[in-house]
Amino acid sequence: MSTAPHITPDSQAAARTQAIQVGVVMGSSSDWDVMRHAADILTEFGIAFEAKVVSAHRMPDDMFRYAEAAAERGLVAIIAGAGGAAHLPGMLAAKTTVPVLGVPVPSRHLQGVDSLHSIVQMPKGIPVATFAIGTAGAGNAALFAVAMLAGSNPALRARLDAFRARQTEVARAMTADLTMPTTEGGKA
Ligand code: RP5
C-alpha cells in the first residue's frame, strides 16, 4: 500500500482493525499508478480496503467469484479501474448489486477515452458510476465511497467536511501564487 504525506499512523491503524469495506480492483498491475490514488484517499480516511488485480479477460472466473462474494463479504463499494476495452467494471456490476465505481485508466493509444466510453456506456439495468479518466477519477471514486460510508458514520462525515474545508483553504491561498506580468522597468 502506498502512503501519502497526509496519511496518519492513526488512520492506517484504524483501517487495519476493521473488516474490509471497499474493494479496489483493476485489470492489471499497470493500472496501479492510477489506482493507488484511490488507495491513498481510503487510507487517509481510515477505510479498510483491499487492492487486487482481477482481470476481466485474463481471469474471468476469478472476476465472477470476486463479484459474487462481494455482498456476503460486506463490501460497501467496489472501485474498479480498467483501460482500453475496460469491461471489468461492467462485468463486476453484472454479477453483484454492490455499487461499482468505475475508473477509466489512460490507455496507450487513445489516452483513456476508449476506457471512459466503455465504462460510461452501460445499457440500462446494470449501473456503473463512472468517474474521470486517470488519477482524478481514482481519487474521486474513493471520495465517493467515503461519502457513501459517511451516511451511517457521523465521525467519518466530520472528517470529510474537514477535508473539504482544508481543500477550500488551499484553493483560497492560490491567488498569492499568481505572478503578474511586469512591463520593462519592473512596473506592473
Ligand atoms: C486492461 O488492459 C487493464 O486494465 C490495463 O489498463 C490494460 C493493459 O493491461 P497490461 O497489458 O498493461 O497488463 O485489462
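The values are calculated or read from the model by the stated rules, or taken from the named source; none is laboratory data. Not measured: the values here are computed from a predicted model. As a convention, Cβ positions derive from the backbone with ideal geometry for all residues, glycine included, and neighbour counts pool all protein chains shown. Just the protein is used for accessible areas: all its heavy atoms, side chains included, with ligands, DNA and RNA removed. Shrake-Rupley method; radii C 1.70, N 1.55, O 1.52, S 1.80 Å.
Overview of results
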| read-out | value |
| --- | --- |
| Sites ALA71 and GLN121 - FRET efficiency at Förster radius 30 Å, r taken between beta-carbons, to 0.05 | 0.75 |
| Accessible area, probe 1.4 Å, largest first, for residues MET35, MET180, MET122 | MET180, MET122, MET35 |
| Rounded accessible area of SER107 (nearest 10 Å², 1.4 Å probe) | 20 |
| Within segment 148-188: Cβ-based charge dipole about Cα centre, in debye rounded to nearest 20 (Lys, Arg +1; Asp, Glu -1) | 240 |
| Debye intensity ratio in log₁₀ form over the Cα atoms of segment 90-182, taken at each q of 0.12, 0.23 Å⁻¹ | -0.56, -1.09 |
| Expected 222 nm ellipticity per residue - DSSP helices of 4 or more, -39500 (n - 2.57), all of the chain, to 500 | -14000 deg cm²/dmol |
| Of THR182, PRO154, MET59, farthest towards positive along the dipole that unit charges on Lys, Arg, Asp, Glu beta carbons give the chain | PRO154 |
| The chain - percent of accessible surface contributed by carbon and sulfur, probe 1.4 Å | 57 |
| FRET efficiency, 1/(1 + (r/R0)^6) with R0 41 Å, evaluated for ALA85 and ALA147 via beta carbons | 0.90 |
| Under the Debye formula (equal points on every Cα, no solvent term), log10 I(q)/I(0) of segment 50-147 at q = 0.19 Å⁻¹ | -0.85 |
| Sites ASP62 and MET180 - FRET efficiency at Förster radius 45 Å, r taken between beta-carbons, to 0.05 | 0.20 |
| For the chain, the spread of Cα positions along each principal axis, largest first, Å | 70, 42, 30 |
| Solvent accessible area, Å² - HIS37, 1.4 Å probe, full protein context | 70 |
| Dipole magnitude of the chain about its Cα centre (Cβ charges: Lys, Arg +1; Asp, Glu -1), debye to nearest 20 | 240 |
